[in-house]
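Undergrad: After the C-alpha cells below, expect a handful of questions from me.
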Amino acid sequence: MKAWHFSENAYPDLPPEDDFDSIRVTLPNRLYDPAKGAALYDRFLDEWCLAEDEGLEIMLNEHHQTATCVDPAAPIVLGALARLTKRARLLILGNPVANRRDPVRIAEEMALVDILSKGRLECGFVRGVPFEILPANSNPVRMNERQWEATDLIVKAWTSHDGPFSHEGRFFHHRNINIWPRPWQQPHPPVWISTTSTSGARRVGARGYVQATFLTGYKGTPAIFDAYRAGWREAGLGENVPMHRLAYAALVYVADSEAAAHAGAEKLLWYMTANKVPPHFARPPGYMPVAAYAAMLRGAAVGGLAANRRNATVENAIENGLMFAGTPDQVYDQFKRFHDHVGGFGHLLIMGQAGFLDHAETVAGIKCFARNVYPRLKQNFPMTAISGSRAPPVPA
Amino acid sequence: MNEAVRGSSPHRLTIAGIDLEYLDRGRGAPLLYLHGGAGIAADHAFIDRLAGQRRVIAPSHPGFGTSGLPDWLDSVDDIAHVHLELLDRLKLDVVDVVGMSLGGWIAAEMATKAPERLSRMALIGPIGVKTGTVDRLDIPDIFAMSEANLDRLRFHDPGKHRADIGAMSDEALATMVRNHETLALIAWEPYMHNPKLRHRLHRAAMPVLLLRGDSDGIVSADYIARYAKLFPDAGITTIAAAGHGPQVEQPDRTADIILEFFA
C-alpha cells in the first residue's frame, strides 16, 4: 500500500454561503486576499514536505475559478515540489486534458517536471469535473473522445525520440512534435487516470494505466474497479490485476483520541458541505450520457459530492466509505473493511486537509496516520497482491 | 388542423450517411421550415398552419429529434450543407425558408452558400451573427443559468410553456436532453454565432423578414436590428405577447404574417 497526502489548497475564508450563489465559477475574486493566499501556499507546500518527511507520497490536483481548490496551474506547483522534495513520488491528478487546447504543451510540462524531480513524476490525466466547463470554455460534448486523443498523443510525444512526428486528429493538430526535454523515466512516467464511471474505468483498464476513483464509497466503487479489471482482461493484459493499478481517494483523519479524530474529521467535511453549486454548473449538456441525464432530471440520485452535501456527517461519511476517521485502530479497521469490500487497491489518496483544518491539526493528522496506521497498511496490503475477488490466489 | 396530416409520421432520408427525419405536410409551393434549438416537438401547430397553404418540409437537424448525428458533424455549417442536399434529394430547386433561432442561423448559412435556392426568408428570433461588442455576449449564456431564468428569457408566459418533465414520456424526455446536447455541440464556441457569417450575408439578396417576439429575452431588439442591416433587403416585424418562440406562443399569427410575406 502506498499512501498519498493530498490537499486541494482551498481558500476557505469566505462570507456566509447565503451571500453567494456558487462557491465555483461565479464567486468574485475580490473575496481573495493575495497576502492570505500567499501564506496558504507556503503552508500547503510545507505540509506536503512534512508528509514526505513522514514517509508519505505527494498528490496535487487542479481546478479553475473556484475557492475550493486554488491551484489553477498544478504543473507550476508541481515544479516547486520537484525542487522542495527529494524522495516522494509526485502525483498530479491531474492534467485536465479534455479542457486544455494543447496536449503537446502538457507533454512538455510533464517531461520537465520529471527531469526536475529526477524521475519522481506520476502523471495523471483527468476529464475534469462539470464545473470546469465554463472556466475552460470547453465544449462538454465529446469530452471523452478529446481526453483520449490528448492522452494518447502525450504518451506518443514522450516516447518518440527520433525527431518530429505529426498529428492530424479529430480534435488536435500538430505538424511538428519533437519535445525537449524528454522524460527521465523510461519508457515514460506512470500514467494515472481518474474516472467515476464504469465505461471510463473499462477503458483505463484496457490501457493498463492506474485507475483512481474519488469518494465513490461502498456503493459506487466495486462496479468501477470491476469494470477496470474487465477492461484489463479483455485487452489481454493478463488474468490478474495487481493492487498497484487501482487507487481510491477518501477523507482521512487519524488522532490518538476519538474526540480529537472526530473534531478533525468534522473539519474535513468542508470538502462536501462547502461545495455549493447550482445545478446548471453541475450538469452541462453532453457531460453525461442522454439516458443518465434524463434519469437525473426525473430525480434520480446524483453521485459524488453534491449528493452528500446536505446530510454530510462524519458518521455518514464513514458509513458510506467516503471517510476513514478515528483512532489508529479504528481507521485501520474501517480501511480494511472497505478494501475487502471493493476487492482491494494499492493506493490510498488521502484528502487530509480541507477548509478550516489548520496547520497544526493537519500536521497532527498526517503524523498520526504515518506513524500509527501506515506501517500496518504497508505490511498487510502488499502492492503486488491481486485485486478482485474473482482472481485466483497469488501464485506461490 | 386536419388530424390525418398532423398525425402523419415523419419521412426519412439518408444524407451524407445521416439518417434524417423530416415532415412533409400540405400542398402548394414548397416551404422549408428549420426548427430552433429546442427541436420541433412544440412547433406542430405552427407547421400545420403553414401547411394549410403550402407544402412544408420540416427536417429535424442532425442530432435533433430522431435524426442521426455522425462523429464528424459538429457545426451549423455542416447542417447547412446537409439541408441543401435535402433540397436536392427532394428535387426542390427553389423554396421559401422559415428559420427559427438556430434554424434561422442555418437558413442564413444556406443563403450565403446557395442564394439562388431560397426565394424568400423569414427568420424568427434568429441567432448566428456577432454584432455587438467584444466584452458582452450577444446572446445570453443559456448554459450558465437556471431553468427558471432561461424560461423567463424564452417565454412571454413561462408558466404556460415550462417543460413538465413529470408528464413527458421517456422518449420525449430523452429527445429534449439530446437536442440540448446537440445545441451545445454546435453552438458552444464561438458562442451561438459564426464570426464569418456577417461578412457573407451580402450574398443573401432575397427579400428577408426578421420576426421577433416582443418579450424575447434571448435575442434583443437591437440585435435583430443589427442583424437585419447585414442583408441587402430585410425588414423587421415584432410579434406581441410572444417571447423567443412566437411560433409556439402565437403560432397562427406568426404563420399568417409569414404566409403573407411569402404570398
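Undergrad: In a solvent-free Debye calculation with one equal scatterer on each Cα, what is log10 I(q)/I(0) for the protein assembly as shown at q = 0.05, 0.08, 0.09 Å⁻¹, listed in the order of the q values?
TA: -0.28, -0.68, -0.83
Undergrad: Residue by residue through B:187-200, how many Cβ atoms from other chains fall within 10 Å of the Cβ on average?
TA: The shielding value for this peptide is 1.
Undergrad: On to the next question. Rounded, prolate or oblate: which fits region B:3-262 when a ≥ b ≥ c are the square roots of the eigenvalues of the alpha-carbon gyration tensor, with rounded for a/c under 1.5 and prolate only if a/b beats b/c?
TA: Rounded shape, in that the Cα axes give a/c under 1.5.
Undergrad: Pairs to check: B:LYS113/B:LYS229; A:LYS2/A:LYS267; A:LYS2/A:LYS118; B:LYS130/B:LYS160. Give those whose C-alpha atoms are more than 26 Å from each other in this structure.
TA: Listed pairs above 26 Å: B:LYS130/B:LYS160.
Undergrad: Give me the tail of P(r) for region A:82-192 as a percent: Cα-Cα pairs with distance above 22 Å.
TA: In whole percent, the share of Cα-Cα pairs in region A:82-192 beyond 22 Å is 33.
Undergrad: Between B:THR131 and B:HIS161, how high is the FRET efficiency from 1/(1 + (r/R0)^6) when r is the Cβ-Cβ distance and R₀ = 30 Å? Nearest 0.05.
TA: E(calc), rounded to 0.05, equals 0.65.
Undergrad: Same structure, new question: Label B:ALA45 and A:LEU84 with points 7 Å out from Cα along Cα→Cβ: what is the distance between them in nm?
TA: That separation, rounded to one decimal, is 6.4 nm.
Undergrad: Compare A:ALA261, A:ALA136, A:ALA294 in a GNM of chain A, Cα atoms joined below 10 Å, and give the one with the largest fluctuation.
TA: A:ALA294
Undergrad: For chain B, set up a GNM with springs between Cα atoms under 10 Å and report which of B:PRO190, B:PRO246, B:PRO140 has the largest fluctuation.
TA: Among B:PRO190, B:PRO246, B:PRO140, the largest GNM mean-square fluctuation belongs to B:PRO190.
Undergrad: Would you compute, from DSSP H runs of 4+ residues alone, the mean residue ellipticity of the protein assembly as shown at 222 nm, taking -39500 (n - 2.57) per run and dividing by the full residue count, rounded to the nearest 500?
TA: Per the formula, -11500 deg cm²/dmol.
Every read-out reported here was derived from the displayed coordinates using simple, explicitly stated rules and does not represent laboratory data. Fair warning: this is a prediction, and the values are worked out from it, not measured in the lab. Cβ: placed from backbone, ideal geometry, glycine included. Neighbour counts: every protein chain shown.
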